[in-house]
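So the structure is just underneath, and the comments pick up after that.
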Amino acid sequence: MPKIQAVKNKPKVCLVLQGGGALGAYHIGAYQAMEEAGYTPDWFAGISIGALNSAILAGNPPEKRLEKLEEFWQKISWPGTDANIPSEYASIFNTASASTALMFGQPNFFNPRLINPWLASPGEGATSFYDTAPVFRTLNELADFDLINKGDTRLTVGATRVTDGELVFFDSDTDTMNPAHAVASGSLPPGFPPTQVGEDFYWDGGVVSNTPLNGILDLAGDQSLLIFVVDLWNANGEMPKTMSEVLWREKEIQYASRSNHNVEALIAQRNLAHVATKSPDLVDSSQVPDVPALTDGTKIDIVHITFDPLPGHIPLSDAEFSRRSIRLRRELGYKDMKQAISETPWTQHTKGLPTHFYRRHKNGSWLENQPESNVKPMPRTRRKKAS
């Protein structure tokens, strides 16, 4: 693939990866386009499959990241499933592939339990349909957590504490990271069991919020950042006409809408903090609690791309790990991120406020999203240091 000219004097770059199971192959292409363009991330953040991808990327030196991420997706997919089939037969192929995952699991990722959890004695075996022990071994093989904890590249993953429903962000700047943090972020019930980190047990961060952007903004302080958010679920879609489309659209709304609300509220909160600092007579500081005053020059640009379903997609596309679909999703991620970088919407923003969010409109143009100042700020996410 052609190289894009590297960019000099870039700000600290963050890559934020949303959860979405097998759709996460889209992240491979998005990262590849960033790497080729010279936007090597200084900070990775993810939830669910985004946390697993982020851990592998952060846990390798830049020259090996793409190779190891590719190896991960090869390992967790069944050989011989990269078929060349007409798009009109894709749904049949994808249904067979997803059914295989449900019945037999995915190699080096998760295995079905020998005893159905409805019939098992109380305990871990009765709390999930699959065992995630294989993915622990895979992460240990492909990601160097000593490198992550060294601190040259930052890693943040979000998981939901089972006992109180709190979304907790584990961050390599303050926590000693290990595979359990990433697996906890992807422990979606009832498929996967909760994962223990320290004294607590965690489920998938997507139970509360499927995009870890709120964690990044909460931890950013006065850093100037260029954040690339790679989402796997689109809040906007067509009116369903079949039951299959209903089931898919329900998933999209469930996992995308909360992310959009969080993004808008957090951007409003940061921009209100800026206005309160510059013009305290115009904004009551009580409207923007727990946000540090932003220094002059602090700037955050957020560039957002979203996966769009491929022809033949099914309601279980997030559980469909065929190598054919992985390849197609990766190619789409590469195309979308390459286009976003070539158009550099963050260089064309409206001046005045420090935080800007850029989302592509359906007509192909970029929309700069600056929410109204009366959006109620989101509460800050509590973080707990893990042992």
If you count only protein heavy atoms with a 1.4 Å probe, what accessible area per residue comes out for the range 17-83, rounded to a whole Å²?
23
Using a 1.4 Å probe over the heavy atoms of the protein chains, calculate the carbon and sulfur portion of the accessible area of the range 1-144 as a whole percent.
56
So, for the range 85-175, what is the accessible surface per residue at a probe of 1.4 Å, expressed in square angstrom?
51
The FRET efficiency for Asn236 and Ser121, from their Cβ-Cβ distance with R0 = 35 Å and rounded to 0.05, is 0.15
Please work out how much length the chain gains when fully extended from Lys64 to Glu166, using 0.36 nm per residue of separation minus the C-alpha to C-alpha distance, in nm with one decimal.
33.3 nm
SASA check, Lys150, accessible area w/ 1.4 Å probe, all protein chains in place, rounded to nearest 10 Å², comes out at 140
Straight distance only, please: which aspartates and glutamates reach the Cα of Lys299 with their own Cα at less than 13 Å, same-chain residues fewer than 8 apart left out?
Asp222
Taking the Cα-to-Cβ direction at His361 and at Glu199 and moving 7 Å from each Cα, how far apart do the two end points lie in nm?
5.4
Going Cα to Cα from Lys150, which aspartates and glutamates come in below 17 Å? Please leave out same-chain ones fewer than 8 positions away.
Asp42, Asp171, Asp173, Asp175
Debye log10 I(q)/I(0) for the range 65-155, one point scatterer per Cα, at q = 0.12, 0.16, 0.18 Å⁻¹
-0.57, -0.85, -0.94
For Gln339, placing the label point 7 angstrom along Cα-to-beta-carbon and taking the range 24-56, residues whose amide nitrogen sits under 18 Å are 26-34, 37
What FRET efficiency comes out for Glu368 versus Leu147 if R0 is 35 angstrom and r is the Cβ-Cβ distance? Round to the nearest 0.05.
0.45
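The values are calculated or read from the model by the stated rules, or taken from the named source; none is laboratory data. On a predicted model such as this, the values are computed, not experimentally measured, just so you know. Cβ atoms come from the backbone with ideal geometry, glycine included; neighbour counts cover every protein chain shown. With ligands, DNA and RNA removed, areas are computed over all heavy atoms of the protein, side chains included. Shrake-Rupley method; radii C 1.70, N 1.55, O 1.52, S 1.80 Å.
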